[in-house]
Amino acid sequence: MRIGIGVGELGGQGGDIDGIVEQVKAAERDGFSSAWFANIFGLDAIMACALAGRETKRIELGTAVVPTYPRHPVAMAQQALTAAAACRGRFSLGIGLSHQVVIEMMLGLSWARPYSHMKEYLAVLGPLLRGEAASYQGEEYRVNAQIRVTDSGEPPLLIAALAPKMLRLAGSHTAGTITWMTGPKTLREHVVPRLCEAAAEAGRPVPRVVAGLPIAVCDDAAEARARAAQAFVVYGSLPSYRAMLDREGVEGPGDVAIVGNEDAVREQLAGLAAAGVTDFLAAPFPAGGDGRATVERTRALLMQLV
């Protein structure tokens, strides 16, 4: 299982452009296989990857994840291919639906048919990322277009898939999925088997499973879970994540956070690998009396595992 790390908002750090680039350069120096940007209400994740890619040499840069509704798939493809060229083949595009409260209440767009939306979106985006023409006539998108970006290659495409139909879509049409707030039992019994079955039926390679979770190496696991429950409380109320927490049989985000001393955290990470996770996306968070010390201790352990 490869070990990646969240940067910017996903790493609990925020920061300006220079600060974000320095975080990625530090992640590369520390040996992490990948660095991931959220795309929430701060910096644009694809552009941030492109900027960081120009100042790094080895580390994979990825988005976790860019919402589809606000960006036409042709625009998404153009941005992604530009970022792939800037990163010299080290860029991975993670996309997702976002949430009804964001799409309808904040952006004023329709959430009437999220699965159909993603299916049509991939029908346009997929060919464009492969350097092919997109010719598609659907209910939401009617597109005849092609994008040419020199030296971009085909960036891996992953979608944030949690529900059964979305997992089948991810397995049959993309390189895999990116999850968040999804525990080991649910990954092992729900996400991985559905995803892999769909990929096999479509004749595709074994898919990637990028699992993002909060993590804190500390001596008081109970206190850390309480801190995580408070810091990540919003995710317990969003329907897609709530469904995964219910599948896991837990009360909230604090119960799926990776917490405890070094041995306990190693054991929990081994459990994720055994569940079929190919990439762990670490989201360090402060716990205990000295939050910064906890984050540094967490990073030190992760560096031993990369």
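The values are calculated or read from the model by the stated rules, or taken from the named source; none is laboratory data. Since we're looking at a predicted model, the values are computed, not measured. We place every Cβ from the backbone using ideal geometry, glycine too, and count neighbours over all the protein chains shown.
Please find, within the range 48-74, the residue that is surrounded by the most Cβ atoms within 10 Å (Cβ to Cβ) out of those that are of a type in the set (Val, Ile, Thr) and under 13 Å from the mean Cα position of the chain (by Cα).
Among those that are of a type in the set (Val, Ile, Thr) and under 13 Å from the mean Cα position of the chain (by Cα), it is 63.
Among the listed residues 154, 139, which satisfies the condition of being modelled with pLDDT of 95 or more, assigned to a loop (DSSP other than H, G, I, E, B) and under 25 Å from residue 279 (Cβ atoms)? First the steps, then the outcome.
Details: 139 fails: under 25 Å from residue 279 (Cβ atoms).
It is 154.
Residue 233: under 25 Å from residue 101 (Cβ atoms), hydrophobic (A, V, I, L, M, F, W, C) and in contact with an Asp or Glu (Cβ under 6 Å, 6 or more places away or on another chain), yes or no?
Judged against the criteria, residue 233 is not a match.
Regarding the range 257-279, can at least one residue be identified that is in contact with a Ser or Thr (Cβ under 7 Å, 6 or more places away or on another chain) and not charged (D, E, K, R)?
The answer is no, given that none of the residues of the range 257-279 is in contact with a Ser or Thr (Cβ under 7 Å, 6 or more places away or on another chain) and not charged (D, E, K, R).
Where the second residue is assigned to a helix (DSSP H, G or I) and among the polar types (S, T, N, Q) and the first is closer than 12 Å to residue 224 by Cα and in contact (Cβ under 8 Å) with a residue 60 or more places away in the chain and lies in the range 282-297, which pairs have Cβ atoms under 6 Å and are six or more apart or on separate chains?
Every condition considered, the pairs that remain are 284/298; 286/294; 287/294; 288/294.
Could you tell me which residue of the range 238-260 is farthest from residue 182 (Cα to Cα), considering only residues that are out of contact with any strand residue (DSSP E or B) (no Cβ under 7 Å at 6 or more places or on another chain) and without any contact (Cβ under 8 Å) to a residue 60 or more places away in the chain?
Within the range 238-260, the match that is farthest from residue 182 (Cα to Cα) is 260.
Looking only at residues in the range 221-246 that are more than 20 Å from the chain's Cα centre (by Cα) and among the basic types (Lys, Arg), which one is farthest from residue 266 (Cα to Cα)?
Only one residue tops the list, namely 227.
Would you confirm, using the coordinates I've provided, whether residue 164 is under 26 Å from residue 187 (Cβ atoms), modelled with pLDDT of 95 or more and in contact with a helix residue (DSSP H, G or I) (Cβ under 9 Å, 6 or more places away or on another chain)?
Spelling it out, residue 164 is indeed under 26 Å from residue 187 (Cβ atoms), modelled with pLDDT of 95 or more and in contact with a helix residue (DSSP H, G or I) (Cβ under 9 Å, 6 or more places away or on another chain).
Tell me the residue from 154, 197, 189, 201 that is surrounded by fewer than 24 Cβ atoms within 10 Å (Cβ to Cβ) and closer than 26 Å to residue 79 by Cβ, please.
154
Just to be sure before I move on: is residue 303 assigned to a helix (DSSP H, G or I), of a type outside the set (Ser, Thr, Tyr) and either crowded, with 17+ Cβ neighbours inside 10 Å or at pLDDT below 95 (or both) in the structure I sent?
Considered against the rule, which asks whether it is assigned to a helix (DSSP H, G or I), of a type outside the set (Ser, Thr, Tyr) and either crowded, with 17+ Cβ neighbours inside 10 Å or at pLDDT below 95 (or both), residue 303 comes out as no.
Just to be sure I understand, how many residues within the range 157-178 are crowded, with 24+ Cβ neighbours inside 10 Å and either among the polar types (S, T, N, Q) or within 17 Å of residue 81 (Cα to Cα) (or both)?
Going through the range 157-178 one residue at a time, the tally reaches 4.
Looking at (1) over 15 Å from the mean Cα position of the chain (by Cα); (2) within 21 Å of residue 258 (Cβ to Cβ), which is the one condition that is false for residue 191?
(1)
Among the residues of the range 1-37, which ones are of a type in the set (Lys, Arg), part of a helix (DSSP H, G or I) and touching a residue at least 24 places away in the same chain (Cβ under 8 Å)?
Residues of the range 1-37 of a type in the set (Lys, Arg): 2, 25, 29.
From what's left, part of a helix (DSSP H, G or I): 25, 29.
25 - this is the single residue of the range 1-37 that is of a type in the set (Lys, Arg), part of a helix (DSSP H, G or I) and touching a residue at least 24 places away in the same chain (Cβ under 8 Å).
Would you mind finding the one in 224, 274, 270, 229 that is in contact with a Cys (Cβ under 6 Å, 6 or more places away or on another chain), modelled with pLDDT of 95 or more and either surrounded by fewer than 19 Cβ atoms within 10 Å (Cβ to Cβ) or over 25 Å from residue 160 (Cα atoms) (or both)?
It is 224.
When only residues in the range 157-183 that are out of contact with any strand residue (DSSP E or B) (no Cβ under 9 Å at 6 or more places or on another chain) and either small (Gly, Ala, Ser) or part of a loop (DSSP other than H, G, I, E, B) (or both) count, which is farthest from residue 5 (Cα to Cα)?
172
In the range 211-237, what count of residues is obtained for those that are touching a strand residue (DSSP E or B) at 6+ places or on another chain (Cβ under 8 Å) and under 17 Å from residue 297 (Cα atoms)?
Total meeting the criteria: 11.
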